[in-house]
Amino acid sequence: MTVCLLLLSVVALTAAVPVPRALTRAAWPEREPVVGLWVWQCLVATVLLCCLTALALGAAAVFGTVRAQLFAPAPPAVTAAYDLSAAPPWALALFVLLACGAAWTTAMLARELVEARRCRARTRAHLRERAPELPAGLPTARGPLLVLEDDYPDAWWMPGSRPQLVVTTGALHRLTDHQLDAVLTHERGHARARHDWLLHLSSALATGFPHVPLFTHFCDQTHRLVELAADDTASRRCGHLTTALALIELNQHRGVLSCASSNRLLSERVDRLLEPPPRLDRRHRALTTTAAALVPLVPILITFAPGLTALS
C-alpha cells in the first residue's frame with residue numbers, strides 16, 4: 001500500500017503543478033479550444049481520482065470496518081497483496097488531510113451551486129420587471145428568446161431549468177442581421193456545450209484551493225477557452241469577419257477595445273477572428289484527445305495493480 005500511496009502522490013503532484021504551467025504556455029489550445037478544455041478537465045479528473053483512491057486506501061488501512069467492506073468480495077490473496085495491516089505511521093495523517101480536502105471540495109461545490117441558483121433567481125426577477133407587458137389574451141409563458149427594451153447593447157444566455165437567450169433592443173438596433181445571428185450562435189454554443197457547469201466547477205475549485213496551480217490555471221483557462229470555443233461555433237456558421245464585427249459593435253462603447261483597457265481577452269478574441277490560426281490536423285486532435293482521456297486511468301491502474309498482480 002505504501003508504494004501505491006507514493007505513486008498516487010507523485011502523479012497528483014505532477015498533474016497539479018508542472019503540467020498546468022506547461023499547458024498555459026502552450027500555443028495549441030488557442031487553435032483548438034475544445035480540445036484544450038478536454039485536456040484541462042482530464043487533468044483535474046486525474047488529480048481528483050488520485051485523492052479519492054488514496055483516501056479509500058487510507059481509510060481501509062486505518063479503519064478495519066472500511067477494510068472489510070472494500071475487500072469483502074475480494075479473495076484473501078488480493079487483501080494480502082495490499083498489506084493494509086502494516087500501514088505506515090503517516091497513513092492516518094494522510095487520511096485526515098484527504099478527508100478534510102474532500103469535505104472542503106464538496107462544500108465549495110455546494111456553495112457555488114447555491115450561489116448560482118440565487119444569482120439566476122435574482123436575474124430572472126429583474127428580467128420579469130424589465131420585460132415589456134404582453135397584451136391581454138396572450139400567453140404569459142416566455143420562450144427561449146427574450147427581448148428587453150434597453151438602449152444598452154447586450155446579449156447573453158441565462159442557463160437554468162428554463163434557459164433563455166436575452167437580447168436588448170440596443171443590440172438589435174446596433175447589429176446587422178448577420179451580426180445578430182453570429183451573437184445568437186455564439187450564445188447557443190455556450191448553451192449546447194453546457195459551459196456554465198464547467199465555469200461553476202472551475203470557480204469552485206479555484207476558490208476552495210487558491211494555492212493549487214492546477215485549479216487556478218483551470219479557472220483562468222476555462223473562462224478564456226469557452227469564449228474561444230463559442231467564437232469558433234459562431235464563425236463556422238457566420239464567418240470570422242462577421243463574428244469579429246459583432247463583438248466590436250457590442251463592446252466598443254465600453255472602451256474594452258482600447259489600448260488602456262484591462263480586458264485583454266476581448267481584444268485577443270477579435271484579433272483571433274480577424275487572423276484565425278490554423279487548426280490542428282485531424283490526427284493530432286485525435287491523438288491529443290485520446291492521450292488526455294487515458295491520463296485519468298493512471299491512478300485507477302495504480303490502485304488496482306496489487307490486486308491484479310495477486311490474481312495473475
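The single residue among A12, A68, A87 that is open to solvent by 50 Å² or more (accessible area, probe 1.4 Å), more than 22 Å from H223 (Cβ to Cβ) and of a type in the set (A, V, I, L, M, F, W, C) turns out to be A68. The set of residues in the stretch 239-250 that are open to solvent by 30 Å² or more (accessible area, probe 1.4 Å) and either aromatic (F, W, Y) or in contact (Cβ under 8 Å) with a residue 40 or more places away in the chain (or both) comprises T242, L245, E249.
Candidates are the residues of the stretch 176-186 that are assigned to a helix (DSSP H, G or I) and under 20 Å from D151 (Cβ atoms); the one that is farthest from the chain's Cα centre (by Cα) is D177. Criterion applied to T233, T207, T216 was being more than 21 Å from G160 (Cα to Cα), without any contact (Cβ under 8 Å) to a residue 12 or more places away in the chain and assigned to a helix (DSSP H, G or I), and the one residue passing it is T216.
Just one of the listed residues (V78, V66, V47, V96) is in a helix (DSSP H, G or I) and touching a Phe, Trp or Tyr at 6+ places or on another chain (Cβ under 8 Å), and it is V78.
Of the numbered conditions (1) modelled with pLDDT under 95; (2) part of a helix (DSSP H, G or I), Q221 fails exactly one; give the number of that condition. Failed condition: (1).
For the stretch 21-43, the set of residues classified as over 24 Å from S235 (Cβ atoms) and under 14 Å from the mean Cα position of the chain (by Cα) consists of C42, L43, listed by residue number. Among the residues making up the stretch 150-175, those that are touching a Gly at 6+ places or on another chain (Cβ under 9 Å) and assigned to a loop (DSSP other than H, G, I, E, B) are D150, D151, Y152, P153, D154. When the stretch 168-213 is limited to residues that are open to solvent by less than 40 Å² (accessible area, probe 1.4 Å), polar (S, T, N, Q) and out of contact with any His (no Cβ under 9 Å at 6 or more places or on another chain), the one that is farthest from T14 (Cα to Cα) turns out to be T169.
Within the stretch 261-293, the residues that satisfy the criterion of being part of a helix (DSSP H, G or I) and open to solvent by 100 Å² or more (accessible area, probe 1.4 Å) are R264, R282, R283. Looking across the stretch 133-167, just one residue is exposed (fewer than 10 other Cβ atoms within 10 Å of the Cβ), polar (S, T, N, Q) and either within 29 Å of H200 (Cβ to Cβ) or at pLDDT 70 or above (or both), and that is S161. Taken over the stretch 16-44, the residue count meeting the criterion of being in a helix (DSSP H, G or I) and open to solvent by 30 Å² or more (accessible area, probe 1.4 Å) is 12.
The values are calculated or read from the model by the stated rules, or taken from the named source; none is laboratory data. No experiment lies behind these values; they were computed from the predicted model shown. Using ideal geometry, Cβ is built from the backbone for each residue, glycine included, and neighbour counts are taken over all protein chains shown. These area figures cover heavy atoms from the full protein model, side chains too; ligands, DNA and RNA do not enter into them. Shrake-Rupley method; radii C 1.70, N 1.55, O 1.52, S 1.80 Å.
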